[in-house]
Amino acid sequence: MRWKPIRLIPDDTKYPFMRLSRFGFFLSGILCTLSIALFIFKGLNYGIDFKGGTEIQVRGTQTVQMDDLRKKLDSIGLGKVELQQMGTGNDVLIKVAAQAGDAEGQISQKKIMEALGPSFEKRAANTVGGSVSAEYTQNATGAVMLSILFVLVFLSFRFEWQFALGAVLSLLHDVTLSLGLFSLIGLEFNLSVVAAILTIIGYSLNDTVVVFDRIREYLRRYKAMGLADLIDFSINSVLPRTILTSMATLMALLALFFFGGEVIRGFTSAMIWGVFVGTYSSIFIAAPVLIMLGTKREVSATQAKASKGR
């Protein structure tokens, strides 16, 4: 018996993506506007990496009652205390803001453990000062902006400027929606999430370059085909590969999300979201921009002749 390969998407699809792109731009415009508004007026739930403070993980001898624990910690004078139950219910992650005169966080840790009593054991602790958190913020912002700038420069040499601008707009779209999601759901924004955003940029760029490579190949091969039809043909030709790659990535990320624990929950949440928006933006943002910017078929044909003559 001969097994047939699994096909999530048929090889001969003819979806009119460019006809639907106007709705994609409209939807993306609304979502990006909402994301920017959320970022400005609500902000992000910054972790201690960015705002400074002390983070301590404790384990109780039995399942922790969060309401009772919160009452204990609210009375010790450390300001707002954030609690997050982990694992089977015995482990709790406690976060407090940076305290004046406690740069190392030792006083905060001591007060917390005294309030908890002997029924709790300290498992791990981490303290970030204000100057370090400011440096983290600058480095994280610089890393994201530099990565997008390098993408623009690289694609300008690899393709035409219209392709480069389309890819950068797609990446900015993905980053904006990712920030909007974290602002909306209030998930902690820390350095691991910044790493996830940089990974999203790489993932989305990979999808976009695959589509652009096929578009450029077909621009040289089918010189009489209309540009919108050619882009549709190009996207449909790589669609099975794109969907299969996205599904395989999602399976790994979902396993990490459900079984990887709280430590990497922010990273995996950002990556899962990034797979969806990265795939979407490659099709409905990056590719339609080529039509909007007036990509010239003659330019591609001339470049093809020049490359053959070298």
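The values are calculated or read from the model by the stated rules, or taken from the named source; none is laboratory data. All values reported here derive from a predicted model rather than from experimental measurement. So basically every Cβ, Gly included, is an ideal-geometry build from the backbone, and we count neighbours across all protein chains shown.
Listed here are the residues, each with its yes/no results for (1) assigned by TED's automatic domain parsing to the domain that holds L73; (2) in contact with a strand residue (DSSP E or B) (Cβ under 9 Å, 6 or more places away or on another chain); (3) modelled with pLDDT under 80.
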residue	(1), (2), (3)
D91	yes, yes, no
I94	yes, yes, no
A100	yes, no, yes
A103	yes, yes, yes
I112	yes, yes, no
P118	yes, no, no
E121	yes, yes, no
A140	no, no, no
V144	no, no, no
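Number of residues in segment 256-279 that are in contact with a helix residue (DSSP H, G or I) (Cβ under 8 Å, 6 or more places away or on another chain), modelled with pLDDT under 85 and either surrounded by 20 or more Cβ atoms within 10 Å (Cβ to Cβ) or in a helix (DSSP H, G or I) (or both): the value is 2.
One residue stands out among those in segment 231-261 that are within 19 Å of the chain's Cα centre (by Cα) and in contact (Cβ under 8 Å) with a residue 60 or more places away in the chain: the one that is farthest from V289 (Cα to Cα), which is G261. Out of all the residues in segment 107-124, is one or more surrounded by fewer than 11 Cβ atoms within 10 Å (Cβ to Cβ), among the small types (G, A, S) and farther than 22 Å from I264 by Cβ? Yes, some residue in segment 107-124 is surrounded by fewer than 11 Cβ atoms within 10 Å (Cβ to Cβ), among the small types (G, A, S) and farther than 22 Å from I264 by Cβ. Looking for something assigned to a helix (DSSP H, G or I), outside the structural domain of I231 (by TED's automatic domain parsing), modelled with pLDDT under 85 and not hydrophobic (A, V, I, L, M, F, W, C) - is there at least one such residue anywhere in segment 11-33? Checked segment 11-33: no residue is assigned to a helix (DSSP H, G or I), outside the structural domain of I231 (by TED's automatic domain parsing), modelled with pLDDT under 85 and not hydrophobic (A, V, I, L, M, F, W, C).
If we scan segment 148-160, do we find a residue that is out of contact with any His (no Cβ under 7 Å at 6 or more places or on another chain), basic (K, R) and closer than 30 Å to G29 by Cα? Yes; the residues of segment 148-160 include at least one that is out of contact with any His (no Cβ under 7 Å at 6 or more places or on another chain), basic (K, R) and closer than 30 Å to G29 by Cα.
State yes or no: is G180 at positive phi and in the same structural domain as S269 (by TED's automatic domain parsing)?
Numbers: at positive phi: no; in the same structural domain as S269 (by TED's automatic domain parsing): yes.
No; evaluated as a whole, the condition is false for this residue.
Condition (residue is assigned to a loop (DSSP other than H, G, I, E, B), crowded, with 16+ Cβ neighbours inside 10 Å and over 24 Å from the mean Cα position of the chain (by Cα)) applied to segment 83-90: is it met by at least one residue? Checked segment 83-90: at least one residue is assigned to a loop (DSSP other than H, G, I, E, B), crowded, with 16+ Cβ neighbours inside 10 Å and over 24 Å from the mean Cα position of the chain (by Cα).
Conditions (1) loosely packed, with under 15 Cβ neighbours inside 10 Å; (2) part of a helix (DSSP H, G or I); (3) modelled with pLDDT of 90 or more, marked per residue:
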position	(1), (2), (3)
L219	no, yes, no
K223	yes, no, no
I231	no, yes, yes
N236	no, yes, yes
P240	no, yes, no
T245	no, yes, no
A248	yes, yes, no
M251	yes, yes, yes
L254	yes, yes, yes
